[in-house]
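Everything below concerns the one structure shown next.
We did not get these values from a lab; they are worked out from the coordinates using the rules stated. Predicted model only: the values in this text are computed from it and were never measured. Because the Cβ atoms are built from the backbone with ideal geometry, glycine has one as well, and the counts that use them run over all protein chains shown.
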Amino acid sequence: MKRVAVVGGGVSGLTAAYRLRRLLGDACEIVVFEKTRTPGGKLRTVELAGVPYDVGAEAFLVRRPEMLALARELGIDVVNPTKARAKIHAGGTVTGLPPGTVMGVPSSAESVAGVLSEAGRRAVEAEASLPELRLPGGDVPLGPLLRSRFGDELVDRLVDPLLGGVYAGGADGLGLRATMPGLASAVAAGAGSLTAAAAAQLPANPSAAPVFGTVPGGLGTVIDRLTELSGAELRTGLPVCEIERHGAGWRLRIGAAPTAHAPADNTEDVDAVVLAVPAPSARRLLADPVPAASAAFGEVELASMAVVALALPPGTRLPEASGILIGQGERDASGMPYAAKAFTFSSRKWAHLSTGPVLVRGSVGRFGELGALQADDVELVRVVRADLARLTGVTEAPIETLVTRWGGGLPQYGPGHLERVERIEKAVAELPGLAVAGATLHGVGLPACVATAEAAAHRIAAHLTA
């Protein structure tokens, strides 16, 4: 009987445990260690005013197959958003989020005309006539590239708000190949401009297939099914403080780090380990066995954010939109800035939430800016409600509120990120019975996390059956 330890009970760790069970059957004992009391990581479904509601990730891309395929394999229904469209507060006004862009990078000047000034529109129009774009071999800082081709307005008004919703960071701190690999590939394939590259990435019939999906009972359902079907022993509230080579396998030290006065005697010996933890934990755990990977994990910067969930009285009227993105530095008509970076009108966005309490979530927090995150929960609810009122006129008192903080929850895919990941995976590959997975590697979205978990499980299964 082989034993595998999975360190980290988020979607990456539990997907790895589930896939290991499918690959190895009953000839493997799987133990999942999760340092918090509740598994799920960035998937967290709560009951808000009697309704299951996601306060972590609330949707996933269905045009990338991994998460959708996993949900279907688990027997979980997936639903798509309503026809309500998102809006954006840019240039001091609220307008519809333009179609025909790739994360805000336009396929034509007309596609973003409603968001930009006439001068900004002309800058986009002129991009195709600039000298043909050629990218160097490594990653490219995204913000400087976009600003050099389109000017500042497109980045500030459109690209940054969209990136802020995914990474809690802006274009100036992120890398092109790490965040928009499709655009980089299109340029390499011959697109001589970014507008041409964006056009090449858009589906021929954008309205034919939905972009996003979710689970009606909340994405926590995925965690429950993975835990059940993996047959893994789930140990919560138990941090792994150290891993080390032990014979042909590995030894884990569980609980508080040992000291001279209190040596650790709570150890587990296993044949293989999957690390599916955030970058700071991976850096600490790999410091001795894989120092090169540890150093690379230590270079990854993190952003913090908070989700403020509001359950408003039934019948509260929301705008005819799925939500509103708010550009950095945007202000209302009186000149007062907004604390929130986005609102999701969940009762408009998802049909299964359209009855009962009216559900809204406000997102707060950008990379390098603590701002409102320093406030306590009561004050954070107050400022988010004030932003909602200024944006939409909605002033109804909530039936129930919940603040969920994600400290250091979003890795920043800055320039050089792909090289860091390559260093991590190359160093880890030199040690048999060790694999890594998670949002730090190849994407922060759920499909990318599932993909890293599947790869880690196959690596460990191949090692154990060799």
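So the values come out like this:
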{"quantity": "For the chain, with +1 on Lys and Arg beta carbons and -1 on Asp and Glu, the positive-most of Gly56, Pro99, Phe33 along the dipole", "calculated": "Pro99"}
{"quantity": "0 to 90° range, to nearest 10: angle between helix 377-392 axis and the chain longest Cα axis", "calculated": "30 degrees"}
{"quantity": "Anisotropy class of region 100-199 from Cα gyration tensor, a/c 1.5 cut", "calculated": "oblate"}
{"quantity": "Distance in nm between pseudo-label sites at Met336 and Thr395 (7 Å out along the Cβ direction from Cα)", "calculated": "1.1 nm"}
{"quantity": "Degrees, to the nearest 10: 417-429 long Cα axis against longest axis of the chain", "calculated": "10 degrees"}
{"quantity": "FRET E, pair Asp376, Ala466, Förster distance 56 Å, beta-carbon r, rounded to 0.05", "calculated": "0.55"}
{"quantity": "Least to most buried among Met336, Met305, Met180 (fewest other Cβ within 10 Å first)", "calculated": "Met336, Met305, Met180"}
{"quantity": "Trypsin sites (Lys or Arg not before Pro) within region 1-76, DSSP loop, no more than 10 other Cβ atoms inside 10 Å", "calculated": "Arg37"}
{"quantity": "Between 0 and 90°, nearest 10: helix 118-127 axis offset from the chain longest Cα axis", "calculated": "60 degrees"}
{"quantity": "Surrounding net charge for Leu116, when Lys and Arg each add one and Asp and Glu each subtract one, Cβ distance under 12 Å", "calculated": "-3"}
{"quantity": "Cα-centred dipole magnitude for region 100-199, charges only on beta-carbon of K, R (+1) and D, E (-1), debye, nearest 20", "calculated": "180 debye"}
{"quantity": "Beta bridges by DSSP in the chain, antiparallel share as percent, to the nearest 5", "calculated": "70 percent"}
{"quantity": "Residues Asp269, Asp172 arranged by fewest to most Cβ contacts within 10 Å", "calculated": "Asp269, Asp172"}
{"quantity": "Mean residue ellipticity (222 nm) of the chain, computed from DSSP H runs ≥ 4 via -39,500 (n - 2.57), nearest 500", "calculated": "-9500 deg cm²/dmol"}
{"quantity": "Surrounding net charge for Glu66, when Lys and Arg each add one and Asp and Glu each subtract one, Cβ distance under 13 Å", "calculated": "+2"}
{"quantity": "Reachable lysines from Lys2, criterion Cα separation under 26 angstrom, eight or more residues apart if same chain", "calculated": "Lys35, Lys426"}
{"quantity": "Total charge dipole magnitude, the chain, about the Cα centre, Cβ charges on Lys, Arg, Asp, Glu only, Debye to nearest 20", "calculated": "460 debye"}
{"quantity": "Unit Cα scatterers, Debye sum, the chain: log10 I(q)/I(0) for q = 0.08, 0.10 Å⁻¹", "calculated": "-0.49, -0.77"}
{"quantity": "Most positive-pole-ward Cα, Val308, Val4, Gly371, against dipole of the chain from beta carbon charges", "calculated": "Val308"}
{"quantity": "Proximal lysines to Lys83, defined as alpha-carbon separation beneath 29 angstrom and excluding residues fewer than eight positions away on the same chain", "calculated": "Lys42, Lys341, Lys349"}
{"quantity": "Between region 350-403 and region 78-117, the Cα center-to-center distance that results, in Å", "calculated": "22 Å"}
{"quantity": "Per DSSP, loop GluC sites (Glu not before Pro) in region 309-398 with at most 11 further Cβ within 10 Å", "calculated": "Glu320"}
{"quantity": "Packing-based exposure ordering (other Cβ within 10 Å, fewest first) of Asp26, Asp156", "calculated": "Asp26, Asp156"}
{"quantity": "Environment charge at Leu154 (Cβ cut-off 10 Å; Lys +1, Arg +1, Asp -1, Glu -1)", "calculated": "-1"}
{"quantity": "Order by protection proxy (mean Cβ within 10 Å, highest first), peptides 218-229, 384-395, 421-432", "calculated": "218-229, 384-395, 421-432"}
{"quantity": "Rounded if a/c under 1.5, otherwise prolate or oblate - region 335-466, Cα gyration tensor axes", "calculated": "prolate"}
